[in-house]
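So the structure is just underneath, and the comments pick up after that.
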Amino acid sequence: MISAATAFELQDIRSVLHYRLLERSGEHLPPSSLFHYTDANGLLGIIKSRMLWATHFQYLNDSSEFIYASGLMKEVIAETAEGALPGSPRGRLRHTILEDRDKKEDSDESGNLAEEQYVACFSERGDGLSQWRGYGKSIGGYSLGFPFAHLGAIEQAINLKQVDQTFDSDNPQITAELFRCWYDKPAQKQLIREAFEMAANHCESRGEDLQDAEVAALARAILRPVSRAYKDPAFEDEREWRLVIEIRRPPGGVSYSYGTSVDFELGKTSANTKHEIAVEFRGGEFTLIPYVTVPLTVDGSIGIAEVVVGPTPLPEIAREAAIRYFRHHMPQVRVLPSEIPFRRV
């Protein structure tokens, strides 16, 4: 189990990382629009359901993202705590991080708080070659332009649902964050150093009372936020933003995230009406993929202002079809062609 002192320290680390990661998003004026790339089926699903899918961060298209953040964290910690004595509090934290001793990311078998994070990706660029390759498979595809203010309103609406709600076995905390990804490697490293020092100082204050579960939780508290925000500098051209939905739930053998609440001790099942976001699954190429649906409607609108039709061997026909579709469903949407020439090799 995690001590009350460590629970408070975990919250402090989360708060520092939360502030610093979001701080960078406000360094410059936000873009007027952010673009979500998808294929034809994704476009139709978004318009019909008025929902956006946010994928569990470990199942994103580019699995190297998590590997990059984890590798960078190990590199920094290996340097920062190089002289830590084995078995010392600082040495135990270093060893836990470098040896990947805690593999379980979404829950803690010791009965502590469980967390799940889901990500919807956007770009400042509505017509980016790397994005077409990733989401439109280089042929076709669409980028949906959302006003930045609309996405901010969605973030606020999700967070406001938590006001005056009790965090208990019937009510998970569901929060949202919209932020710009980090590509600056020196800045990435510095934030890891700061978070590690906070965690290491706490480990030392616990002394002989420090439990392995606490060390593992502190390691996760550093890795989880940076893993969702850090990207390799080679991908800076993507200029990515992310809307992250976090579901935090207390222990006790109760499942709340999947549309129903199940109390295994009492054997009762009831519909979950406490929140609108529920975890669902879709079929991927190699595995089932967990995701949550994020309501897009704010003041009666789902916010799409423009759509860019991706590179295709039939650009005029593809654009005409999109114009016809939006004329029937959302006539105010502008439909634009990609300016990137189609190329198949």
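Give the residues of the range 40-75 that are charged (D, E, K, R) and under 26 Å from GLY152 (Cβ atoms), sorted by residue number.
LYS48, ARG50, ASP62, GLU65
When the residues of the range 109-167 are narrowed to those that are at pLDDT 90 or above and among the polar types (S, T, N, Q), which ends up surrounded by the most Cβ atoms within 10 Å (Cβ to Cβ)?
Here the answer is SER143.
Would you confirm whether any residue within the range 11-33 is touching a strand residue (DSSP E or B) at 6+ places or on another chain (Cβ under 6 Å) and over 22 Å from GLN117 (Cβ atoms)?
Within the range 11-33, one or more residues are touching a strand residue (DSSP E or B) at 6+ places or on another chain (Cβ under 6 Å) and over 22 Å from GLN117 (Cβ atoms).
Is it true that PHE235 is among the aromatic types (Phe, Trp, Tyr), part of a helix (DSSP H, G or I), at pLDDT below 90 and out of contact with any Phe, Trp or Tyr (no Cβ under 6 Å at 6 or more places or on another chain)? Lay out the reasoning, then the answer.
On the way: among the aromatic types (Phe, Trp, Tyr): yes; part of a helix (DSSP H, G or I): yes; at pLDDT below 90: yes; out of contact with any Phe, Trp or Tyr (no Cβ under 6 Å at 6 or more places or on another chain): yes.
Yes; evaluated as a whole, the condition is true for this residue.
Search the range 289-312 for residues being among the small types (Gly, Ala, Ser) and in a loop (DSSP other than H, G, I, E, B), and hand back the single one that is surrounded by the most Cβ atoms within 10 Å (Cβ to Cβ).
Restricting attention to the range 289-312, the residues satisfying the condition of being among the small types (Gly, Ala, Ser) are 300-301, 303, 305, 310.
The next check asks that each one be in a loop (DSSP other than H, G, I, E, B); those that pass are 300, 303, 305, 310.
Values: GLY300: 5, GLY303: 21, ALA305: 16, GLY310: 29.
If we take residues in the range 289-312 being among the small types (Gly, Ala, Ser) and in a loop (DSSP other than H, G, I, E, B), then GLY310 is surrounded by the most Cβ atoms within 10 Å (Cβ to Cβ).
Go through the range 1-88 and tell me which helices (runs of 4 or more DSSP H), entirely inside it, have 1 or more residues that are of a type in the set (Asp, Glu), without any contact (Cβ under 8 Å) to a residue 12 or more places away in the chain and surrounded by fewer than 19 Cβ atoms within 10 Å (Cβ to Cβ). Please lay out each step first, then the result.
Working: elements: 4-25, 40-49, 64-80.
Correct list: 4-25, 64-80.
Failed condition for PHE179, given (1) at pLDDT below 90; (2) under 17 Å from the mean Cα position of the chain (by Cα); (3) not in a helix (DSSP H, G or I), with all others met?
(1)
The values are calculated or read from the model by the stated rules, or taken from the named source; none is laboratory data. The structure presented is a predicted model; accordingly, all values stated were derived computationally and were not measured. Here Cβ is always computed from backbone atoms with ideal geometry, including for glycine, and neighbour counts include all displayed protein chains.
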